[in-house]
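Coordinate-derived values only; no laboratory data. This is a predicted model, so every value here is computed, not measured. For neighbour counting, all protein chains shown are included, and Cβ atoms are generated from backbone atoms with ideal geometry for every residue, glycine included.
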Amino acid sequence: MKKDTLYLHVGWSKTGTSAIQAQIQEQKDDFLAKGVLYPQSLQWPDHSHHPFALSFQGSGSYQSNMTPAEALEALRLEMESSPAHDVLISSELSPFYFNNSKFKEFVAQHFERVQVIFTVRSQSELLLSLFNQLVKDPNVRYGASLFSLSMRNIHWLNFYQNVKQWADVVGANNITVIPYGLSVVEDFFEKFSIPVQYKDANGNRTVNPSLPTRCLAVLQARGRKATDAAGFSRIRNEVISLSAKIPTDRDRHVLFSVPEQQALDDYFKQGNQMLANEYGIDVSQFQKAQYKPIKVLPPGVDLEKLSGAKK
C-alpha cells in the first residue's frame, strides 16, 4: 500500500536547516502523531538526512557510505515498520533526486505525491554564512576568496531556477518556500500544524554556531599552516580566544564591501521577485534593504601582541 506524501526539505544551506532538523528530531513523536515519519536510520548525529542525500551525490569531502539502492532500501524498511502515512526527509545537501532512475521508481511505487520544501534568504547573507561555515570547518579549511565562492556557486544561488527544476517534476502546487528569519523553525513547523516546543524558555535555535565573522581572514591565513584537522581546530580555537581580547576598532580589513553585496543581490533580484510572485511570499522577507561593509581583523594581524598574550 502506498504512502501519501514524501516531503523533501532540500535546503538551502545556511537558512536555519540545522535548527529545523534538530527540532524535528526533538519532536519526532509529535510529527508521528500527525502521521509524518522522520526517519531515524538515515541520520547523521546532527539529525539531518545527509547520508541519504549524499548516497545520490557526494559533496566535496562529504560522502555517504551507501549506494542509492542501499539508502532507498533502508528507507523502505523503516517506512514499512511505521504506521505513518507521510515521510519527511531533510538535507540541505540534497541533489536533484529525480536525476536518479532508482529514486524515480521508488517514489512511483511508494508514494502518491512528492512535496518539496525550500528555505531561502538573501544571497549576500547566505554567501557570507556559507563562507564562514567552510572556513571554520577543519575538514574543508576553505582558503579562497568570497568572490571565488560566489562564482563557483552562482547557479546554486539562483533560487528561482533551482525551484523551477523541482516544480517541473512535482508540480508548482507541491512546492513550499519559507523565507529565513528568527521564526524559521516555527514557520517550518506551521506547515505541518505542529507547535514548536523548545526545551528551554529562550528557544533552542543555535545548533551550528558561526565563527566570529571578524576572525575569518585571520583563520584563513593561519589555518594554512595546519597539517591535519586537529591542528586546524587548535589554530581556530586560539584565533577565537585571542581575538575576543582585541577591540573591534581593529577590524579594518573589508571582507565584503557594500557594492559587492548589492551587486550579488541585484544579480538575483528579478528571479527572487518571480519566485515570490509564483509562490505567494513577500520578497522583502529574503531581500536586504540595508547594507553595511563586513569588516574583519586583517589576515596578517599580530593577535598575540594586540591581545596582550605576547610578552
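Out of the trypsin sites (Lys or Arg not before Pro) in the stretch 1-99, which ones are loop residues according to DSSP with at most 11 other C-beta atoms within 10 Å?
Values: sites: LYS2, LYS3, LYS14, LYS28, LYS34, ARG76; in loops: LYS2, LYS14, LYS34.
Answer in residue order: LYS2.
If R₀ is 35 angstrom, what is the calculated FRET efficiency for the pair ARG252 and ASP228, using the beta carbon separation as r and rounding to 0.05? Intermediate values should be presented prior to the final figure.
On the way: r = 32 Å, r/R0 = 0.90.
It comes out at approximately 0.65.
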> Per 5 Å bin, what percent of the C-alpha pairs of the stretch 136-179 does each bin hold, from zero upward?
Replying inline: 5, 17, 18, 16, 13, 13, 11, 6, 0
> Between TRP156, GLY300, LEU126, whose Cα lies farthest towards the positive end of the dipole of the chain when Lys and Arg beta carbons carry +1 and Asp and Glu beta carbons carry -1, centred on the Cα centre?
Replying inline: GLY300
>> Can you give me the convex hull volume of the Cα atoms of the stretch 67-194, divided per residue and expressed in Å³?
In response: 152
>> If neighbour count is taken as other Cβ atoms inside 10 Å, put SER41, SER284 in order from fewest to most.
In response: SER284, SER41
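Based on Cβ point charges of +1 for Lys and Arg and -1 for Asp and Glu, what charge dipole magnitude is obtained for the chain about its Cα centre, in debye rounded to the nearest 20? Write out the running numbers ahead of the final one.
Numbers: 33 positive and 31 negative charges, 297 e Å.
So the magnitude is around 1420 debye.
From the alpha carbon gyration tensor of the chain, can you work out the equivalent ellipsoid semi-axes (sqrt of 5 times each eigenvalue) and give them in Å, largest to smallest? Present the calculation step by step, with values, prior to reporting the outcome.
Working: eigenvalues 269, 100, 69 Å².
Semi-axes, largest first: 37, 22, 19 Å.
Per the helix-only calculation at 222 nm, which mean residue ellipticity applies to the chain, given -39500 (n - 2.57) for every DSSP H run of n ≥ 4 and division by its residues, nearest 500 deg cm²/dmol?
Numbers: 14 runs with 135 residues, N = 311.
My calculation for the chain gives -12500 deg cm²/dmol from helical runs alone.
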> For the chain, what is the percent of antiparallel DSSP beta bridges, rounded to the nearest 5?
Replying inline: 15
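Could you tell me which of the pairs LYS245/LYS305; LYS136/LYS199; LYS14/LYS104; LYS164/LYS269 are separated by over 21 angstrom between their Cα atoms in the structure shown? Mind dumping the intermediate values first?
Values: LYS245/LYS305 11 Å; LYS136/LYS199 28 Å; LYS14/LYS104 28 Å; LYS164/LYS269 16 Å.
Cα-Cα > 21 Å for LYS136/LYS199; LYS14/LYS104; rest within.
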> Under 17 Å from the Cα of LYS2, which aspartates and glutamates turn up, not counting those fewer than eight places away in the same chain?
Replying inline: GLU73, GLU78, GLU80, ASP86, GLU105, GLU112
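Is the C-alpha gyration tensor of the stretch 203-292 telling us rounded, prolate or oblate? Criteria: a/c under 1.5 is rounded; beyond that, a/b larger than b/c is prolate, otherwise oblate. Show your work: numbers first, answer last.
Values: a/c = 2.43, a/b = 2.00, b/c = 1.22.
Verdict is prolate for the stretch 203-292.
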>> Restricted to Cα positions, what overall size does the stretch 1-103 have along the principal axes? Three whole-Å values, descending.
In response: 37, 30, 20
> Any idea how far apart GLN40 and GLN109 come out in nm if each label point goes 7 Å out from Cα toward Cβ?
Replying inline: 2.5
>> Applying a 10 Å radius around every beta-carbon, put 48-54, 275-281 in order of their mean neighbour count, most first.
In response: 48-54, 275-281
> Tell me, in nm to one decimal, what length is gained between LYS245 and LEU134 on full extension, where the rule is 0.36 nm per residue of separation less the Cα-Cα distance?
Replying inline: 37.5 nm
> In a shell of Cβ-Cβ distance under 15 Å around ILE246, excluding ILE246 itself, what net charge do Lys and Arg (+1) and Asp and Glu (-1) give?
Replying inline: +3
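Computed FRET efficiency, Cβ-Cβ of GLU80 and SER145, R0 45 Å: what is it to the nearest 0.05? Before the final figure, lay out each step's value.
Details: r = 49 Å, r/R0 = 1.09.
Efficiency at R0 = 45 Å is approximately 0.40.
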> So for the chain, taking the charge dipole from beta-carbon charges (+1 Lys/Arg, -1 Asp/Glu), which of GLN21, SER59, LEU211 sits furthest toward the positive end?
Replying inline: LEU211
